[in-house]
1. Answer yes or no: is there a residue in segment 148-164 that is touching a helix residue (DSSP H, G or I) at 6+ places or on another chain (Cβ under 8 Å), outside the structural domain of residue 80 (by TED's automatic domain parsing) and not in a helix (DSSP H, G or I).
2. Please name all residue pairs, on different chains or six or more residues apart, with Cβ atoms under 6 Å, provided the first residue is in segment 66-82 and is without any contact (Cβ under 8 Å) to a residue 24 or more places away in the chain and the second residue is surrounded by fewer than 17 Cβ atoms within 10 Å (Cβ to Cβ) and assigned to a helix (DSSP H, G or I).
3. Give me the residue from segment 41-65 that is at pLDDT below 95 and closer than 18 Å to residue 124 by Cα and, out of that set, nearest to the chain's Cα centre (by Cα).
4. Going by the conditions given, is residue 172 surrounded by 15 or more Cβ atoms within 10 Å (Cβ to Cβ) and over 30 Å from residue 33 (Cα atoms)?
5. Can you tell me which residues in segment 192-211 are within 17 Å of residue 138 (Cα to Cα) and in a helix (DSSP H, G or I)?
6. Checking the structure you have, find out if any residue of segment 247-259 is part of a helix (DSSP H, G or I), modelled with pLDDT under 95 and over 20 Å from residue 204 (Cβ atoms).
7. Restricting the search to segment 180-215, which residues are out of contact with any helix residue (DSSP H, G or I) (no Cβ under 7 Å at 6 or more places or on another chain) and over 20 Å from residue 237 (Cβ atoms)?
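The values are calculated or read from the model by the stated rules, or taken from the named source; none is laboratory data. The structure displayed is predicted, hence computed values, not measured ones. Reconstructed Cβ throughout: ideal geometry from the backbone, glycine too, with neighbour counts over all protein chains shown.
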């Protein structure tokens, strides 16, 4: 008997509970919507033909409530000769891409999935930092590099979701830094902070956090280099100078901690 399907639309976070930290499944089918979208399988992968099918999948997974078919047709297929027919084709492709793992039906459109199917965006939106840092796409943009012609309303929605997931990613990595630091694992803390800066390079708070960590472990050269890197980036990209928080991170007293870089021990 097949496993029961769970509702994905209508806010998956509310179905699973917020701030859960279950590990990312090692088996089953994993769908990556962060970065270049892809589907991993236990045996090989599947490549969808249409960029609009990826856009449709992301919208169904992240929407707060199931959208109507007319809403989806207007959002993604308004320029098609028959928008509803184009929508039906993309819905059919989603079923072909994930056979036995999703059901997509009704109006409004309800997407249900099997327990063996996981989405990386669920972990960022609903999970804890220990699960999130396992994601290969953490810090990458939602549907990175994917453009959908003739779908201005979808592009506006996508930009909003990208900003929301970026803020969630920063918060998760901040939690990872704090947790690792509290355990005295400064190597891990610095790694999380570097990942945070890479994900949001124009956010001074992330750079300030990394500078403080470098100074805490006695790497003053690293702290100065990080400040210089941030300063140049702000000047180049925004035409702005670093704010007082960044200068304070570089100059404020910082207690030195006893720390051994585990990377050196393995060289």
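1. yes
2. Once the first residue is without any contact (Cβ under 8 Å) to a residue 24 or more places away in the chain and sits in segment 66-82, its partners that are surrounded by fewer than 17 Cβ atoms within 10 Å (Cβ to Cβ) and assigned to a helix (DSSP H, G or I) give 73/84.
3. Within segment 41-65, the match that is nearest to the chain's Cα centre (by Cα) is 63.
4. no
5. 192, 193, 194, 195, 196, 197, 198, 199, 206
6. Scanning segment 247-259 turns up no residue that is part of a helix (DSSP H, G or I), modelled with pLDDT under 95 and over 20 Å from residue 204 (Cβ atoms).
7. Listed by number, the residues that qualify are 182, 183, 184, 185, 191.
Yes/no per residue for (1) part of a loop (DSSP other than H, G, I, E, B); (2) in contact with a strand residue (DSSP E or B) (Cβ under 9 Å, 6 or more places away or on another chain):
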{"site": "61", "(1), (2)": "no, yes"}
{"site": "64", "(1), (2)": "yes, no"}
{"site": "71", "(1), (2)": "no, no"}
{"site": "74", "(1), (2)": "no, no"}
{"site": "108", "(1), (2)": "yes, no"}
